[in-house]
Amino acid sequence: MRMQRLLPVLLALLLSACGSLQGTPRPAPPVTDQPQEIQRDQTQGLIRMGTVSVMVHGAPSDSEEAIKAKAVAAGVDYYQILLNDETVVPGQWYSQAILYNKPR
């Protein structure tokens, strides 16, 4: 009997916790001459241009720099890094990003 009363409360708490993960949309920063990294809540209204991935030896910052270099080469306005993780090989990093342009 007690579990039946507790179940709706737990369900309500779980659903409210999911809502807190979404965040309020924010505008992307003004376009500059270099691609800028943005967060998920800044992608509203942008045009998705594709995805890129890299695998580099070094540090996590090295894979982030390689992603930025690919964004520069693609000529996009923004990029969002989805994944930056070390592989099973120590010192080898794999990173993935989505490329975006602002509508003209």
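Coordinate-derived values only; no laboratory data. A quick note: this is a predicted structure, and the numbers were derived from the prediction, not measured. A quick note on method: Cβ atoms are made from the backbone with ideal geometry, for glycine too, and the neighbour counts reach across all protein chains shown.
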* Taking region 27-101 and dividing mean pair separation by its residue count, relative contact order in percent (alpha carbons under 8 Å, at least six apart) -> 40
* Structure fact -> Within the set Gln92, Gln42, Gln80, GNM on the chain using Cα springs under 10 Å gives the largest fluctuation to Gln92
* Asked: Can you give the percent of C-alpha pairs in region 65-104 whose distance is more than 11 Å?
  -> 65
* Structure fact -> Between the modelled labels at Asp85 and Ala12 (7 Å from Cα along Cα→Cβ) the distance in nm is 3.6
* Would you mind ranking Thr43, Thr87 by Cβ crowding within 10 Å, fewest neighbours first? => Thr87, Thr43
* Taking Cα atoms, how many degrees apart are the long axis of helix 60-74 and the longest axis of the chain, rounded to 10 and kept between 0 and 90? -> 60
* Using helices alone, what [θ] at 222 nm do you get for the chain, with -39,500 (n - 2.57) per DSSP H run of 4 or more residues, divided over all residues and rounded to the nearest 500? -> -11500 deg cm²/dmol
* Roughly how big is region 6-104's charge dipole about its Cα centre, with Cβ charges of +1 (Lys, Arg) and -1 (Asp, Glu), in debye to the nearest 20? -> 420
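Can you say what percent of the DSSP beta bridges in the chain, counting only those with both residues inside, are antiparallel? Round to 5.
Working: 18 of 20 bridges.
If I count the DSSP bridges inside the chain, around 90 percent turn out antiparallel.
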* Residue-by-residue Karplus 3J(HN,Hα) for region 46-51, coefficients 6.51, -1.76, 1.60, Hz, glycine and proline x -> 8, 9, 6, 9, x, 10
* Asked: Relative to the longest principal Cα axis of the chain, at what angle does helix 2-22 sit, 0 to 90 degrees, rounded to 10?
  -> 20
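Tell me the volume per residue, in Å³, of the convex hull enclosing the alpha carbons of region 27-101.
75
Ranking request for peptides 24-35, 68-79: highest mean number of other beta-carbon atoms within 10 Å first, then the rest in descending order.
68-79, 24-35
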* Structure fact -> Counting only residues 5 or more apart in sequence or on a different chain, those whose built amide H sits under 5 Å from that of Glu37 are Tyr79
